[in-house]
Amino acid sequence: MWNPDKAPALGFDKLARRVGLAKARAIFAAYQEKLRLDNAKAAQQEKRAAELRRARGPLVVRNDFDMRPEYHLAPLTYKQLHRSTLGERGCKGGEIFDDPSMLKDFLKRNPDCAPEKIVTGDIRSGWTPALDKAATEGKLHRAMNFAQVSLRLQRAAQEGRNALVA
């Protein structure tokens with residue numbers, strides 16, 4: 001089983017034999033610093049994208065043909081996940097995206113990459129008993145308003161009849 005959290009084994013010994021130990025250490029230190037900065041930038045991109053998705057609200061899907069994204073990754077994160085399986089025998093890269101348990105585990109550890117909430121455009125999709133209670137209260141309130149208006153109209157009509165008779 002592959003592990004996307006494990007850094008790939010780089011050929012330090014081959015590089016050290018070719019350019020010398022001190023230069024190889026300097027090259028690897030520069031590489032690791034660049035990788036650290038790139039990972040921080042990717043994390044920042046994912047966090048900002050997650051904030052924008054939260055501010056936008058849930059994704060409204062009107063039919064089965066609308067797109068339903070499973071995850072949102074920064075380009076560097078996608079590249080690293082795709083390459084994480086290359087060291088395994090018989091893997092061509094990207095096998096982690098075919099393994100639902102690994103992808104679920106990755107999304108659990110990286111909540112900024114998880115998809116936003118998806119809702120349908122159908123108003124019946126969010127029914128709860130509290131909504132029935134609120135609807136009943138709304139109907140009673142409207143009926144009371146109609147009754148009050150009707151009573152005022154009856155009184156005004158009665159006053160108008162009394163004024164005509166007198």
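The values are calculated or read from the model by the stated rules, or taken from the named source; none is laboratory data. Predicted model only: the values in this text are computed from it and were never measured. Every residue, glycine as well, gets a Cβ built from its backbone with ideal geometry; the counts of neighbours run over all protein chains shown. Heavy atoms of the whole protein, side chains included, go into the accessibility calculation; ligands, DNA and RNA do not. Shrake-Rupley method; radii C 1.70, N 1.55, O 1.52, S 1.80 Å.
What to note about this one:
- Neighbour count of at most 11 Cβ within 10 Å plus DSSP loop: longest chymotrypsin sites (Phe, Trp or Tyr not before Pro)-free window in the chain: 1-64
- Nearest 10 degrees, 0 to 90: helix 100-109 Cα axis against the chain principal axis: 80 degrees
- Whether the chain is rounded, prolate or oblate, judged on the alpha carbon gyration tensor where a/c under 1.5 counts as rounded: prolate
- Within the shell defined by Cβ-Cβ distances under 10 Å, the residues around Pro58 carry a net charge of +3, with Lys and Arg each +1 and Asp and Glu each -1.
- Taking the accessible area of the chain, probe 1.4 Å, and keeping the other protein chains in place, the carbon and sulfur fraction comes to 57%.
- Its Kirkwood hydrodynamic radius, worked out from the mean inverse distance over all distinct Cα pairs, puts segment 11-82 at 15.6 Å.
- Basic side chains Lys and Arg get +1 at the Cβ, acidic Asp and Glu get -1 at the Cβ, and with that the dipole of the chain about its Cα centre reaches some 520 debye.
- Within a Gaussian network of the chain (alpha carbon springs, distance under 10 Å), most fluctuating of Pro100, Pro58, Pro111: Pro100
- For the chain, adding -39500 (n - 2.57) for each run of n ≥ 4 DSSP H residues and dividing by the number of residues yields -20500 deg cm²/dmol at 222 nm.
- Per residue, the solvent-accessible area of the chain (1.4 Å probe, heavy atoms of protein chains only, all protein chains present) comes to 81 Å².
- Ignoring the sites themselves, the chain has its longest run without trypsin sites (Lys or Arg not before Pro) in a DSSP loop having at most 15 other Cβ atoms within 10 Å at 7-61.
- On Cα atoms only, tilt of 21-56 relative to the major axis of the chain in degrees: 10 degrees
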